[in-house]
Amino acid sequence: MTSLPQREPGAKKLGLVIDLDTCVGCHACAVNCKEWNTGGHYAPLPDHNPYQDQPDGVWFNRIHSYETEERTVNFPRSCLHCETPQCVTVCPTGASYKRAEDGIVLVNTDLCIGCKLCSWACPYGAREFDEDNGVMKKCTLCIDRIYNESLPEAEREPACVATCPSRARHFGDLADPESKVSKLVAERGGADLMPELGYGPVNKYLPPRKRKIAAPPLQSACGEAKPGMNRLLALVDKVLSR
Amino acid sequence: MKPASSVLLLTTLTGAGYGLLVWLGILDLAGAVPHAPAFGIVAILIGLAFAGGGLIASMAHLGRPERAWRAFSQWRSSWLSREGVASTLSFPPALGFAALWFFEGATAPATRILAALSLVMALVTVGCTAMIYASLIPIRQWHNRHTLPDYLIFSLFSGAVLLTAIMGVWQGHVILPGSIAAASGLAAIAAKSAYWRFIDRQKPLATLASATSVRQFGAVRPLDQPHFSENYILREMGFTIARKHAEKLRRIALAAGFIAPTILALVATLGLAAWLSGPLAALLALAGLFIERWLFFAEATHVSAIYYGRPV
């Protein structure tokens, strides 16, 4: 059913919280996502010309970099598992669906006819079409990791979260105000992407902080007397520089 | 948005075919159709051939066309599913309309009931097609109050021109369909011009600041792209057309697809070689509407392209 499910009281709202302050833009999340998912629920994720000059393929995570007057911001972009996802309601076959129990948005690739309408309905560009199999694919929030009892409990988190070297990605239940992720969002003022479009994204982004420490001005590597030198050394420097 | 030829054919051909069925239904209810039993069959089958041709063309857009039947299931939420259901339901009444016209006559009460059903289903199907586009929130050039009326107007216009062509060849005089075609041509010219004025004045749906939630440092500019080559998102949603080409194509679509057929329909109405001016008007209108539909896609921007710094 592509009508949205009635959310049960107490149901989880699983999602990611991404810290734009500490993300270093290393693409490790995207790479580990590709690595896990090309053998996971939607395997394989196709690659065309991977070693030629126009590589192309399906990725569930894309890492952009932006700049502002103040600082550079690295920005990982993936499915936000929206509360009112139009990608689900436009689906003509029932392939696209949102789970009532945890809010994860998935595609049943056995039902998908590959009409691509869901990707048109997503303002975040989160869905990518598998040209080899003629079906749409998307982030599963690593549904085959987070509930996977054959993995040690500590590893039951999405691949992107597990691999992040700067701990900029957090996974948890955003419906529970006491969860680690909800507290992070409350403390840091976690925000929605394009809230004006009304999709109610579940994933939240923590804002980059302002620079607190002014960086010292760049110093010349040689030559001029530096302000930190004492007078004697400055005199020696001056004499020797003649 | 990438203009896929399968979808352009779907919307233009079904628009013309269903527009023809609408006018045949209306004129039959008004008692203003040729009474020849064969005329109904020929005209209705031409309408269904256009509609069916468009629907078959749309299958080429699917990654898994063999599963297309599954699209009938989600009519509660999906306009694409509703279009599939409505288009399928439009065939039985139209075929019945043709059969009863042949066996019972154009003005028999049963024929008229099916004429009404056939015209309603034709309008509903075109409306569903329009709503597929009008309902898509991320595309400002589609998600607005112009899309639904425009699709209906262009369908009625191309259907009227098609009817003028058929009757021009059939009987040589086309006073009623010719004047309907000319009037709906004027409505189409006005609607398309208003649409272009509207989208030229629209503002983007989002800024990079709202799209990234980074609002506290002023303007946000793209620095590094996530990948150096195009991907699905950029090919499908990041399609861009040079403004000068868009303006030229707008003039071509307006002149060839709307103004010329309107003038030719008037010429046919005046009785000047309707057997030639009618079909010529139909050919031009269909070619022009194909360009118009190409532009409807090419000029549409998808808000997700903003992440790549492309125009939205």
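Laid out as a table, the results:
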read-out	value
Subset of the stretch B:47-56 that is surrounded by fewer than 19 Cβ atoms within 10 Å (Cβ to Cβ) and hydrophobic (A, V, I, L, M, F, W, C) - its residue that is nearest to the other protein chains (Cβ to nearest Cβ)	B:I56
Members of the stretch A:13-43 that are modelled with pLDDT of 95 or more and assigned to a loop (DSSP other than H, G, I, E, B)	A:K13, A:L20, A:D21, A:T22, A:C23, A:V24, A:G25, A:C26, A:H27, A:T38
Pair list, Cβ < 6 Å and 6+ apart or interchain, from the stretch B:44-55 residues that are touching a residue at least 60 places away in the same chain (Cβ under 8 Å) and over 16 Å from B:A165 (Cβ atoms) to residues that are β-branched (V, I, T) and crowded, with 22+ Cβ neighbours inside 10 Å	B:A51/B:T14
Test result for B:W101, in contact (Cβ under 8 Å) with a residue 40 or more places away in the chain, buried (at least 24 other Cβ atoms within 10 Å of the Cβ) and over 20 Å from A:C118 (Cα atoms)	yes
The stretch A:45-64, subset more than 11 Å from chain B (Cβ to nearest Cβ) and touching a residue at least 60 places away in the same chain (Cβ under 8 Å), residue surrounded by the fewest Cβ atoms within 10 Å (Cβ to Cβ)	A:L45
Scan of the stretch A:65-83 for residues that are surrounded by fewer than 21 Cβ atoms within 10 Å (Cβ to Cβ) and within 10 Å of chain B (Cβ to nearest Cβ), ordered by number	A:S65, A:E67, A:T68, A:E69, A:E70, A:R71, A:T72
The stretch B:63-98: number of residues that are surrounded by fewer than 19 Cβ atoms within 10 Å (Cβ to Cβ), among the hydrophobic types (A, V, I, L, M, F, W, C) and under 10 Å from A:I113 (Cβ atoms)	2
Qualifying residue in the stretch B:17-36 (condition: assigned to a helix (DSSP H, G or I) and within 14 Å of chain A (Cβ to nearest Cβ))	no
Selection status of A:R188, away from chain B (no Cβ under 14 Å) and basic (K, R)	no
Subset of the stretch B:167-225 (residues that are farther than 30 Å from B:A38 by Cβ, among the β-branched types (V, I, T) and either touching a strand residue (DSSP E or B) at 6+ places or on another chain (Cβ under 7 Å) or more than 11 Å from chain A (Cβ to nearest Cβ) (or both))	B:I189, B:I199, B:T212, B:V214, B:V220
Which listed residue is surrounded by 24 or more Cβ atoms within 10 Å (Cβ to Cβ), away from chain A (no Cβ under 12 Å) and in contact with a Leu (Cβ under 9 Å, 6 or more places away or on another chain), from B:A274, B:A298, B:A281	B:A281
In the stretch B:57-113, the residues that are of a type in the set (D, E), farther than 22 Å from B:S135 by Cα and within 12 Å of another protein chain (Cβ to nearest Cβ)	B:E66
Candidate set from the stretch A:103-116 (those that are in a strand (DSSP E or B) and crowded, with 22+ Cβ neighbours inside 10 Å); member that is farthest from the other protein chains (Cβ to nearest Cβ)	A:V105
Breaking point among (1) under 30 Å from B:E66 (Cβ atoms); (2) surrounded by fewer than 17 Cβ atoms within 10 Å (Cβ to Cβ); (3) of a type in the set (S, T, Y), for A:T140	(2)
Residue that is of a type in the set (D, E, K, R), surrounded by fewer than 18 Cβ atoms within 10 Å (Cβ to Cβ) and within 21 Å of the chain's Cα centre (by Cα), where the choices are B:R243, B:R251	B:R251
Residue within the stretch A:123-135 that is within 11 Å of chain B (Cβ to nearest Cβ), among the basic types (K, R) and within 24 Å of B:P3 (Cα to Cα) present	yes
When residues of the stretch A:117-169 are limited to those that are among the β-branched types (V, I, T) and in a helix (DSSP H, G or I), the one farthest from A:H81 (Cα to Cα)	A:T163
Residues within the stretch A:84-102 that are at the interface with chain B (Cβ under 7 Å from one of its Cβ atoms) and buried (at least 23 other Cβ atoms within 10 Å of the Cβ), tallied	5
Of all residues making up the stretch A:13-30, the number that are on the phi > 0 side of the Ramachandran plot and of a type in the set (D, E, K, R)	0
Scan of the stretch B:231-271 for residues that are at the interface with chain A (Cβ under 7 Å from one of its Cβ atoms) and of a type in the set (D, E, K, R), ordered by number	B:E236
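The values are calculated or read from the model by the stated rules, or taken from the named source; none is laboratory data. Note that the structure is a prediction, hence the values are computed from the model and not measured. When we count neighbours, we look across all protein chains shown, and the Cβ atoms used for this are built from the backbone with ideal geometry, even at glycine.
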